[in-house]
Amino acid sequence: MFEDLAGQVAVITGGARGLGFSMAQALARWGTKIALLDVLGEVNDSAKTVQHEFAVECVGVAADVTEDRSVAAAFGDVSRTLGSPSILINAAGITVWEESIDVSRESWQRVIDINLTGTFLCCQALARACTAADSGGVIVNVSSMSAHVVNLPQHQASYHASKAGVEMLTKALAVEWAPIGIRVNAIAPGYMLSEMTRQFTTANPELAERWRSMIPAGRMGEPADLEALVVFLCSARSSYLLGQSIVIDGAYTAV
């Protein structure tokens, strides 16, 4: 069904672990060459795992998405190693829980720099690579249900603002780049049990139960719940889908 993904080159930021790694695995199952970008030292080991598990070419590249030179160098490495990338998944992101009255400028700026500016810089790099190769491309930005609602009980204004920005950026780039054949969409996950979130919920069972009680589906999401959606958005099967953010949250934002 998604055979067109075979042989394409996909860049996944924040790909060393968590949701980024899971989405990279989903594309690798269809024969996509994978480039994992991350600041974490484990990115090379993660790349080796994907290559061994799915028998596709995969590289790990150390990169800081907040630095334009680092992003440009990373995309250059990918092009030389795997070929020109045509798919980008922007999964790099952070959140902080802070009382807004006490948030420092530095803390606020760090969240915006990684979640929003980093997303833009990587989108820009993918568009430049596609233009240089005279080809189209696909971008999937990872937003959050937190772009639409205020989560409780945690206070994370910078995260909400950054993800709302990602959603408008997605729309703006989708309109601007449609004429050059680059499709831009976003996914907006709800509470997902990534490895780090699972560790947190195990250590904070009361908070985890409060979150679950607010989800009509009765459970938190698993990384695998995102995989089919991401593969669909990256494939030609979704060629008429542009500028959208698809919420996948067990109906959390519906009530």
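Quick notes on this one:
- Other residues whose C-beta falls under 14 angstrom from the C-beta of residue 175 contribute a net charge of 0, scoring Lys and Arg +1 and Asp and Glu -1.
- Crossing angle, helix 118-133 versus the chain [Cα axis fit, 0-90 degrees, rounded to tens]: 20 degrees
- For the chain, the dipole from Cβ point charges (+1 on Lys and Arg, -1 on Asp and Glu) about the Cα centre works out to 400 debye, to the nearest 20.
- Nearest 10 degrees, 0 to 90: helix 18-28 Cα axis against the chain principal axis: 30 degrees
- Longest to shortest principal axis, alpha-carbon extents of the stretch 69-160, angstrom: 48, 25, 17
- Angle in degrees between helix 157-177 and the longest Cα principal axis of the chain, rounded to the nearest 10: 30 degrees
- Each Lys and Arg Cβ is given +1 and each Asp and Glu Cβ -1; about its Cα centre, the stretch 1-63 then shows a dipole of about 60 debye.
- GNM result for the chain, Cα springs below 10 Å: residue of 156, 51, 109 fluctuating most strongly: 109
- Residue among 81, 143, 100 farthest towards the positive dipole end of the stretch 73-143, charges placed on Cβ: 81
- About its Cα centre, the dipole of the stretch 144-230 is roughly 140 debye, where the only charges are +1 on Lys and Arg Cβ and -1 on Asp and Glu Cβ.
- Equivalent ellipsoid semi-axes - Cα gyration tensor, the stretch 2-90, angstrom: 19, 14, 11
- Pairs of Cα atoms nearer than 8 Å and 6+ residues apart set the relative contact order; for the chain it is 19 percent.
Any read-out appearing in this document is the output of simple, stated calculations on the displayed coordinates, not a laboratory observation. Since the model is a prediction, treat every value here as computed from it, not as a measurement. Please note: Cβ atoms are built from the backbone with ideal geometry, for glycine as well, and neighbour counts cover all protein chains shown.
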